[in-house]
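The values are calculated or read from the model by the stated rules, or taken from the named source; none is laboratory data. Model, not experiment: these values are computed from the prediction. Because the Cβ atoms are built from the backbone with ideal geometry, glycine has one as well, and the counts that use them run over all protein chains shown.
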Amino acid sequence: MEHAINQMQSEFKTQVQEWKSVLIRGERPDQLERFWSSFQNQERLVQTIARDLLTIMPDGEERQTVIQFVEAHQTMGVAYRRGYQSFVNNGFDHRVGDQAVAGIDREPSRLLNQAASDLAEKALQEANEIPGEVQFASLLSAVLLLVAILLFGVIAMLVVNLGIVQFSRKLISAIQYLSEGRLNTSIAISRADELGTLAHSARQLQEFLLQVANEMRVNNKVQVKRPRPHRVSVVSPTS
């Protein structure tokens, strides 16, 4: 916005200078048309810059000042056209043209300078507020980082609990069942770490115990089916 105001000041000064060129060189028709056209082009350019600036300016004193400038600049344009007509009608007498618009550019110039000064002061205030905003942003970032670390720690603990503690409890329960003789206990733990190795060893122990138990049952059945030998009593003859 400050850049637009500075550009508008420059174009406004050029517009006023073009009017002076009209009065000084306007006796020649080609020069009159040239500088009067340049004056009107500068007038339109200043109005365009002002309207574009108003579309991005927030409500406030600075915006109201620019609006007042636009209105004063339009009023100035009407006065300059009357002065131009007086200049032409009076035989291109520059004194008549100059008198017709005497002081007409003071109010637009004052408003434009005020708007530029107000915007520059506002920009300086905003620049001074930046360190405080940066400090607040840094503090906020630190707090968010701390919260993220705490959340990560909680999630890590949950993952460890789900991934290790629960599997450890299942494996301990399975081994306890085996120690109680419940050999058909399912040990459905498959991992690629130490817990997985321990679970594999437990399954091997389970298979061994099942094999031993089966062999014992088979041996018991064989012993039950085997016939017992009959005792033969031998009676010696009576002498």
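Structural remarks
- Filtered residues of the stretch 9-32 (kept if closer than 24 Å to Thr65 by Cβ and at pLDDT 90 or above): Ser10, Glu11, Phe12, Lys13, Thr14, Gln15, Val16, Gln17, Trp19
- Condition check for Thr48: farther than 30 Å from Arg95 by Cβ, of a type in the set (Ser, Thr, Tyr) and assigned to a helix (DSSP H, G or I): yes
- Residues that are among the β-branched types (Val, Ile, Thr) and touching a Lys or Arg at 6+ places or on another chain (Cβ under 8 Å) within the stretch 30-71 comprise just one, Val70.
- The set of residues in the stretch 18-28 that are surrounded by 16 or more Cβ atoms within 10 Å (Cβ to Cβ), assigned to a helix (DSSP H, G or I) and touching a residue at least 40 places away in the same chain (Cβ under 8 Å) comprises Trp19, Val22, Leu23.
- Residues satisfying the stated conditions in the stretch 93-115, i.e. under 52 Å from the mean Cα position of the chain (by Cα) and part of a helix (DSSP H, G or I): Arg106, Glu107, Pro108, Ser109, Arg110, Leu111, Leu112, Asn113, Gln114, Ala115
- Index of the failed condition, Ala50 passing every other in (1) under 30 Å from Glu121 (Cα atoms); (2) free of Cβ contacts under 8 Å to residues at least 40 places away in the same chain: (2)
- Filter pass, His94 being of a type outside the set (Ser, Thr, Tyr), crowded, with 18+ Cβ neighbours inside 10 Å and out of contact with any strand residue (DSSP E or B) (no Cβ under 8 Å at 6 or more places or on another chain): no
- Taking the listed residues Gln15, Gln31, Gln68, Gln47, the one that is surrounded by 20 or more Cβ atoms within 10 Å (Cβ to Cβ) and in the same structural domain as Ala123 (by TED's automatic domain parsing) is Gln15, with no other qualifying.
- Yes/no for Arg63 being among the basic types (Lys, Arg) and under 28 Å from Met1 (Cα atoms): yes
- Gly83 being small (Gly, Ala, Ser), modelled with pLDDT of 90 or more, assigned by TED's automatic domain parsing to the domain that holds Gln9 and not in a helix (DSSP H, G or I): no
- Taking residues in the stretch 74-95 that are over 19 Å from Arg28 (Cβ atoms), and partners anywhere that are among the charged types (D, E, K, R) and buried (at least 17 other Cβ atoms within 10 Å of the Cβ), the pairs with Cβ atoms closer than 7 Å and at least 6 places apart or on different chains are Met76/Asp105; Gly77/Glu43.
- Where a residue in the stretch 175-191 is in contact (Cβ under 8 Å) with a residue 12 or more places away in the chain and its partner, wherever it lies, is assigned to a loop (DSSP other than H, G, I, E, B), with Cβ under 9 Å and at least six apart: Ile175/Thr185; Ile175/Ile187; Leu178/Thr185; Leu178/Ile187
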